[in-house]
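> Below is the structure I would like to discuss, written out as structure tokens.
The values are calculated or read from the model by the stated rules, or taken from the named source; none is laboratory data. Predicted model, so just to flag it, every value in this text is computed and none were measured. Cβ: placed from backbone, ideal geometry, glycine included. Neighbour counts: every protein chain shown. Keep in mind that these areas ignore ligands, DNA and RNA; they rest on the heavy atoms of the full protein, side chains included. Shrake-Rupley method; radii C 1.70, N 1.55, O 1.52, S 1.80 Å.
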Amino acid sequence: MTETKLVTPGAGRHVVTPAGNPVPQKFRINPADPYWGRMLRDKDIVEVKVDAATTQTVPPVVPQAGDKK
């Protein structure tokens, strides 16, 4: 299974999925994915420190039908 990271939009950033849908305040990404990797590198999204309670409650952003890769 691919390692995911818990992230949040960077300060003052408007972040959307590849399909243009807004992202939740906290969500999980695969940093190996080129789209999310670039967002992370450019500080559009920033990694959040994970605690045990958060690990179980935050789902990953799953590509929607129509998302372009």
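> When you check T4 against the structure, is it polar (S, T, N, Q), over 8 Å from the mean Cα position of the chain (by Cα) and either open to solvent by less than 70 Å² (accessible area, probe 1.4 Å) or at pLDDT below 95 (or both), yes or no?
So T4 passes the test.
> Something else about it: Please specify each residue of the stretch 1-17 satisfying the condition of being part of a loop (DSSP other than H, G, I, E, B) and within 15 Å of R38 (Cβ to Cβ).
G10, R13, V15, T17
> Could you tell me which residue of the stretch 43-55 is modelled with the lowest pLDDT, considering only residues that are exposed (fewer than 11 other Cβ atoms within 10 Å of the Cβ) and among the hydrophobic types (A, V, I, L, M, F, W, C)?
Looking at the filtered set, the residue picked out is A53.
> For the stretch 18-42, give me each residue that is part of a loop (DSSP other than H, G, I, E, B) and surrounded by 11 or more Cβ atoms within 10 Å (Cβ to Cβ).
P18, A19, N21, V23, P24, K26, N30, P31, D33
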